[in-house]
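Have a look at the structure below before the remarks.
The values are calculated or read from the model by the stated rules, or taken from the named source; none is laboratory data. Bear in mind the structure is a predicted one, so any value in this text is a computation, not a measurement. Counting neighbours? That spans all protein chains shown, and the Cβs are built from the backbone with ideal geometry, glycine included.
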Amino acid sequence: MNEDQTLVGRNALVIGGGSGMGAAVALAFAKEGARVAIAGRRVEKLDEVATQASPEGVVLTRAVDVCDRDALAALFDWFEDEAGKLDLLVHAAGVNLPKRSMKELSPADWDKVIQINLTGAYDSLRLGLSKMRPHRNGLVVMINSVSGKRAHPLGGVSYNASKFGMTALGACVGEEERENGIRITNLFPGEVNTPILEQRPTPPSDEQRAAMLQPDDVAAAVLMLAKLDPRAHVPELVIKPTGQSYL
């Protein structure tokens, strides 16, 4: 394995890194020697992840709301000052709401989900690419959902729509950026045992959660992508629990 296939000396920014899949990815990157920064809304959650990483790596933290474009732009400038060149960007921020059927969904809740899940992903990608293009290299992993490939009532109207939008965003921009040496991967996890499940109209049982993917499973997939030689590009990757249907 050459230097490009390790994470030592590489700089990673994980947006939505305070919990769930984003936190697991950040910890995996830090363990592999990357210089990692995480961003999210809740400072206490970010600090918990940084403390977890401290025995084996360093994780920088910065509070940010992906709906605040000025704050998001400042995040990328801060990252460049604190960590250096942006090599790896993982966008893991997302939300869902209990009232998610068309009958129940309010216009305000529709706007909230689209703004966080889709517009937030757009802004994260837009700003990250501006930092990667001068170096003609970089990997962006957009943590999406199988709801971005298979619409199902369980995900809800706004969530499915936002995730299908993310799919198109990553695919289209990935095609544009390949000539710049930048790889974009749409990662589609199935059911994952994360805090977002508490927003389901009927949260799953402990037994159901145990059968789902765990955040570390998704982190392992992202780590695999990050360790690929830059000549190799995975446009899409689906990972799901063994027992979950994909039809």
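Quick rundown of the values:
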quantity	calculated
Evaluation of N137 against (1) more than 14 Å from the chain's Cα centre (by Cα); (2) within 24 Å of E177 (Cα to Cα); (3) free of Cβ contacts under 8 Å to residues at least 60 places away in the same chain (one fails), failing number	(3)
Residue among A50, A28, A39 that is more than 25 Å from A161 (Cα to Cα) and touching a strand residue (DSSP E or B) at 6+ places or on another chain (Cβ under 7 Å)	A50
Check on L86, crowded, with 19+ Cβ neighbours inside 10 Å and not in a loop (DSSP other than H, G, I, E, B)	no
Residue in the stretch 171-201 that is surrounded by the fewest Cβ atoms within 10 Å (Cβ to Cβ), counting only those that are under 23 Å from D87 (Cβ atoms) and among the charged types (D, E, K, R)	E179
Criterion (modelled with pLDDT of 95 or more and either part of a loop (DSSP other than H, G, I, E, B) or buried (at least 17 other Cβ atoms within 10 Å of the Cβ) (or both)) met by exactly one of L105, L154, L97	L105
Boolean, K163 is part of a helix (DSSP H, G or I) and not polar (S, T, N, Q)	yes
Which numbered condition K85 fails, given (1) touching a residue at least 60 places away in the same chain (Cβ under 8 Å); (2) out of contact with any Gly (no Cβ under 9 Å at 6 or more places or on another chain); (3) not aliphatic (A, V, I, L, M)	(2)
Pair list, Cβ under 6 Å, 6 or more apart: the stretch 35-46 residue part of a loop (DSSP other than H, G, I, E, B), other residue at pLDDT 95 or above	R41/D65; R42/G18
Residue among K131, K149 that alone is over 30 Å from E80 (Cβ atoms), modelled with pLDDT of 95 or more and either among the basic types (K, R) or surrounded by fewer than 15 Cβ atoms within 10 Å (Cβ to Cβ) (or both)	K149
Counted residues, the stretch 47-75 - those being in a helix (DSSP H, G or I) and surrounded by fewer than 16 Cβ atoms within 10 Å (Cβ to Cβ)	9
Residue in the stretch 183-195 that is assigned to a helix (DSSP H, G or I) and under 20 Å from the mean Cα position of the chain (by Cα) present	yes
Boolean, D123 is without any contact (Cβ under 8 Å) to a residue 12 or more places away in the chain and part of a helix (DSSP H, G or I)	no
D217 being assigned to a loop (DSSP other than H, G, I, E, B) and either acidic (D, E) or at pLDDT below 95 (or both)	no
Enumeration of residues in the stretch 167-193 that are basic (K, R) and more than 11 Å from L129 (Cα to Cα)	R178
From the options S101, S145, residue that is without any contact (Cβ under 8 Å) to a residue 60 or more places away in the chain and over 28 Å from N180 (Cα atoms)	S101
Breaking point among (1) in contact with a Gly (Cβ under 6 Å, 6 or more places away or on another chain); (2) among the small types (G, A, S); (3) more than 23 Å from L27 (Cβ to Cβ), for A71	(1)
